[in-house]
Structure formats: C-alpha cells, structure tokens
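Encoded as structure tokens, the structure appears first; notes follow it.
The values are calculated or read from the model by the stated rules, or taken from the named source; none is laboratory data. If you're wondering where the values come from, they're calculated on a predicted model, not measured in any experiment. Cβ atoms come from the backbone with ideal geometry, glycine included; neighbour counts cover every protein chain shown. Side chains included, ligands, DNA and RNA excluded: accessible areas come from the protein's heavy atoms. Shrake-Rupley method; radii C 1.70, N 1.55, O 1.52, S 1.80 Å.
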Amino acid sequence: MTAGPDDAYGAPDPARIRVAGKDAVQVAVEDAHRREWATVLAATVRVTRDLDLAEECVQDAYAAALVDWARGGVPDRPGAWLTTAARHNALDALRRARTLRSKLHLLVEPEPEAAEPEAAESEAGPEPRSLPDDRLRLVFLCCHPALTPGAQIALTLRLVCGVPTPDIATAFLVSEPTMAARITRAKKKIVAARIPFRMPTPAELPDRLDSALATIHLLFTTGHIAPAGTALTRDDIAGHALDLARMLHELLPDEREVRGLLALLLANHARRATRTTEDGRPSRLEEQDRTAWDQEAIAEAHELVIGALRGGAPGRYGLQAAIAALHASAPTYAATDWEQILVLYDALLTVWSSPVVALNRAVVVAMVDGPATALAEVEALEQDQRLAGYRYLPAVKADLLRRLGRTGDAAVAYERAIALSDNDAERAFLRDRLAEVDRPR
C-alpha cells in the first residue's frame, strides 16, 4: 500500500537524513507508535467505519514508515505522515472492496461536514482530517459499559495503546489464541450492541466517563501488582495505563476525577524503583529508599490533587490520589500524617462504599489507634462475602496478629494468604513473614 509523501509536510531536514540510520528510524517509529497510535487509528476508523480494516491500514502505515523514513528521513510531523498514509491505505482498500456496509461497521454518527470515503480522497490540502476528540471517542468505545471489564482492558490495550495481541496475552498469562478470541468477541459485542463511534451525550457522559476511569485504574492496578506470575510488578502495563490517564486529562482537562486518576497513578508509579528488593520480592513501605522516588512525578501529582479536590465534593479518584500523595510526600515513614490519611479514608468510604477501601482503612487505623482496634475491624470484614478469597484480607490480619504477639494465629493467617496468592513474588514475601512468626512454635 502507498504511504503518504514526504513533501506533503515539507522536505525533511538534511541533517536528520544524514543521521537517520536504521536504528534511528526504528526509534522514531517506536516513538510515533507510542505517541500517535491512538490518533492515527481513530482518524482511520472515521474513513473505514470498520475496526479490523482500520487496524490493518494503520499497521501497514507503520510498516511503510520503516522503509520510507530510512530512505528519505524522518518527517518533521510523524503523526501527520502516518495519518495520511493510513488514510490512503484505507481509501485504496475501500475502492477494492465495495462491501464495507456488510463488514464490522461502527455506525459513525453523520456530521454536516462528513464526506463519503470516496469523496474524502479529493479533499483539498495535504493535512489529514482528524477531529480533536477522535482519540476520546476511541477510549469511550473501548470502555463502553456494555463490555465486560476484562474485554474493556484487552480492547483498550489493543486499539488505544496499539499493544500486539501476543504481548497482551503474555501480560494476562493466557494463550495468544485465547486473547485473540477475547478481543474478537469484544469487537463483535460492539456491533451487536450497536455502540456508535461518537462522543457520549451529556446524559451518557457520567457513566461512560466512570467506565473509562475504572478501566484505566484497573489496568494500572494489574501492572502495579501483577495478580499472577513470577514478577510482582508489570511496569509496562502500568506505563500504558499512565499514558491513557494523561491522554484523558489532555482531552478532558476540566474533569476533576480525571485529574484525580492521573494524580493517583503518578503518585503510585513514582515509587516503582523501590517497590521490590533485589531478588524481586515486595519491599515494605517503611524500608523503601525515598530518595529514589520520582520527585517530579510526585510534585505533578500534588498539583493535580489540588485541582481534583477544589470546586465541590471530592470524588473517589481525587480522594485516593490525596491519600497516595500524602504517602509519597512524607519525608520518612515515621513522619507520615496517618491522622489526615484516616480522615481521607473516612471521606472515601462515604463516596465509595467498598470493603477493599474499608480493609485499607483498617491498616491506617492500626497506625493511629493501634493494632487491636484495627484487628476488630478486620474480623468484622471477614463476614463480608465480597472479600471471600481476597488474599490481602488474611495478609493484613496476619500482620496485625504478629504485632499483637499472637504468633500462632498470625502463622495460620499467613498460610491462608499464601494459599490465596497466585503471584510467586508475593508468596515468597509471605513465606518469609510466616517463617518469622513460626520460629517460636
């Protein structure tokens, strides 16, 4: 397929041509993939009205870039080059196959200025037509409430982040055919549910935005603490989630909960270098070297938290971000403002009545009122069926029992936590704790 011409955006800088060897071009294409994939795909979807065809056209554009940029130099505007190339690929494909309406169409809402694909080819000027909110439409499409949370994450990684299906399968510890089938089912669900590729109406926006925020947060959580496998963290997945949060904030800068989510992810991701020991096991917060934390990210999170909490009652992401920011900004573990964190957890429970939040709050209660008071709250939470099988419930209980000197009971709780964990690094950490309390017995 034909890629967009270099002269559409001006001749490349001769100096860049001289240094643009194979490695430099690969770096440029990888950077463009990371930064521009969602924009290029969203613009191409508007031409094809077909997710699969749009993906194919965009992939071909990136493949063409590897060849053309090595020959003629990296263009000054890689994203525009790729968008034009993908659009040309799409128009070529549509001319070869007039059966578009029988394929997976996305029911794009007609707009006054919208042209048929055939007419779009003759539009004046080299600049590709791409609405500013196309990426946001793509995010909302992938995170539609009609899709299951797992399907939302897989589709978001594939379409918005451009992560190859084999890599997604590896991240979630399933086979490539299994993950490919999940993504295919999600695409079919979009058609079956007649989900349009458009911005939500004002009435739809709260639910759709909440679904998008929850998907990005769940994606980050999956990378922050891997639910299974040998490694405690998957920084690549957490990084994708952080990129998505930045994109959402760029597109919806006035949404307070969007600010809150980005702040939450920044404050937590800032500690990534110290969250594991040299052998890959979890590192306790009090043991982490705070000088190795990303202070620039923490400062950015702090500013975002101020905006997320200003102007009305705070939401769940703004409050979680405030908690994370207090942890990240404390100069030492001993200097952590546990009383203020407890106040924030109380406020969080009023807007998000989750037993997981209540369990996290109990950890803070132990720091403020002592482990005995916290243990009573944890034992009450054991009656909540929503936490049945949740590995952190017995882990927290075990730590509280250890601090109270009840080593036998703590050992039983640690054994329960080990049995519930599917992550090798977590199991190794818990076995170390079990050995500490089991020695007196």
Condition met for THR201 (among the polar types (S, T, N, Q) and surrounded by 14 or more Cβ atoms within 10 Å (Cβ to Cβ)): no
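Identify, from the list ASP346, ASP337, the residue that is within 24 Å of ALA308 (Cβ to Cβ), in contact with a Leu (Cβ under 7 Å, 6 or more places away or on another chain) and either open to solvent by 50 Å² or more (accessible area, probe 1.4 Å) or in contact (Cβ under 8 Å) with a residue 60 or more places away in the chain (or both).
ASP337
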Within the range 398-423, tally of residues that are open to solvent by less than 60 Å² (accessible area, probe 1.4 Å) and under 27 Å from ARG234 (Cβ atoms): 8
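Yes or no: the range 244-254 includes at least one residue that is assigned to a loop (DSSP other than H, G, I, E, B) and touching a Ser or Thr at 6+ places or on another chain (Cβ under 8 Å). Quick ask: steps written out before the conclusion?
First, pick out the residues of the range 244-254 that are assigned to a loop (DSSP other than H, G, I, E, B): 252-254.
Those left that are additionally touching a Ser or Thr at 6+ places or on another chain (Cβ under 8 Å): none.
No: the range 244-254 contains no residue that is assigned to a loop (DSSP other than H, G, I, E, B) and touching a Ser or Thr at 6+ places or on another chain (Cβ under 8 Å).
Return the only residue of ALA388, ALA374, ALA380 being farther than 21 Å from ALA435 by Cα, surrounded by fewer than 13 Cβ atoms within 10 Å (Cβ to Cβ) and modelled with pLDDT of 95 or more.
Working: ALA388 fails: modelled with pLDDT of 95 or more; ALA374 fails: surrounded by fewer than 13 Cβ atoms within 10 Å (Cβ to Cβ).
Only one candidate passes the filter, namely ALA380.
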Matching residues in the range 180-222 - criterion: being closer than 17 Å to VAL160 by Cα, small (Gly, Ala, Ser) and in contact (Cβ under 8 Å) with a residue 24 or more places away in the chain: ALA186, SER211, ALA212, ALA214
Residues within the range 325-382 that are of a type in the set (S, T, N, Q) and assigned to a helix (DSSP H, G or I), tallied: 5
Scan of the range 44-54 for residues that are in contact (Cβ under 8 Å) with a residue 60 or more places away in the chain and either open to solvent by 10 Å² or more (accessible area, probe 1.4 Å) or more than 19 Å from THR156 (Cβ to Cβ) (or both), ordered by number: ARG46, VAL47, THR48, ARG49, ASP52
Test: residue in the range 170-180 that is in contact with a helix residue (DSSP H, G or I) (Cβ under 8 Å, 6 or more places away or on another chain), surrounded by 15 or more Cβ atoms within 10 Å (Cβ to Cβ) and closer than 24 Å to ASP134 by Cα: no
Sole residue being under 24 Å from GLU287 (Cα atoms) and aromatic (Phe, Trp, Tyr), chosen from TYR390, TYR345: TYR345
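Residues are listed down the side, and each one gets a yes or a no for (1) among the small types (Gly, Ala, Ser); (2) over 17 Å from VAL160 (Cα atoms):
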{"site": "LEU41", "(1), (2)": "no, no"}
{"site": "THR44", "(1), (2)": "no, no"}
{"site": "TYR62", "(1), (2)": "no, no"}
{"site": "ALA65", "(1), (2)": "yes, yes"}
{"site": "PRO75", "(1), (2)": "no, yes"}
{"site": "PRO78", "(1), (2)": "no, yes"}
{"site": "TRP81", "(1), (2)": "no, yes"}
